[in-house]
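Participant: I'd like to ask you about the structure that follows.
Only the coordinates and a few stated rules stand behind these numbers; no lab work does. None of the values given here were measured: they were computed from a predicted structure. Don't worry about glycine lacking a Cβ; one is built from the backbone with ideal geometry, like all the others, and counts go over all protein chains shown.
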Amino acid sequence: MSKIKIIFLFFLIISLSSFSEYYAIGANLGSNKGLNLLIYNSQEKAVQVNSSWSLNNTSTTFIFSFDQVYFSLMPDGVTPMYYGVGMKVSNKEDEYIGVRGVLGASYFAQDIDENLELYIELDPTFHLAATTNFLALEIGLGFRYYF
């Protein structure tokens, strides 16, 4: 089953490559710990893909979001703000599928490396098939490196 998930993620990334001008890969250390991939184009649009899994191998989560990025909101130009909408798919009980919003801010750590981005985001998630936890507020904290 995990091979199918990896193949699916690979083809998703390849299919989005025509959309992109910049790629970033990093780690999400918030509510959904795991790998973060950002594909960004010059029209301030981005696609985020998060893949997380539990350490005891009981659940896997894929998160996809389409984000609108604003570099001009802050005068320094290195602190973009973004918002977006997406979905969360998981095999975790009571959280199989959800619709989520994304509201975030990031900072390009130019003193360390101009390609290093640190980010924080709030992600309200509506679990569509939930019986108990219909709404969850998730927090994303992490870093990405641009290529």
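Participant: Among the numbered criteria (1) surrounded by fewer than 17 Cβ atoms within 10 Å (Cβ to Cβ); (2) within 20 Å of residue 44 (Cβ to Cβ), which single criterion is violated by residue 99?
Facilitator: So the condition that residue 99 fails would be (2).
Participant: Could I ask something else about it? Can you pull out the residues in region 128-138 that are in contact with a strand residue (DSSP E or B) (Cβ under 6 Å, 6 or more places away or on another chain) and either hydroxyl-bearing (Ser, Thr, Tyr) or closer than 19 Å to residue 28 by Cβ (or both)?
Facilitator: Of everything in region 128-138, those that are in contact with a strand residue (DSSP E or B) (Cβ under 6 Å, 6 or more places away or on another chain) and either hydroxyl-bearing (Ser, Thr, Tyr) or closer than 19 Å to residue 28 by Cβ (or both) turn out to be 136, 137, 138.
Participant: Between a residue in region 110-135 that is on the phi < 0 side of the Ramachandran plot and any residue that is exposed (fewer than 14 other Cβ atoms within 10 Å of the Cβ) and of a type in the set (Asp, Glu), which pairs come within a Cβ distance under 9 Å, given they are 6 or more apart or on different chains?
Facilitator: Filtered contacts from region 110-135: 127/94; 129/94; 130/94; 131/94; 132/94; 133/94.
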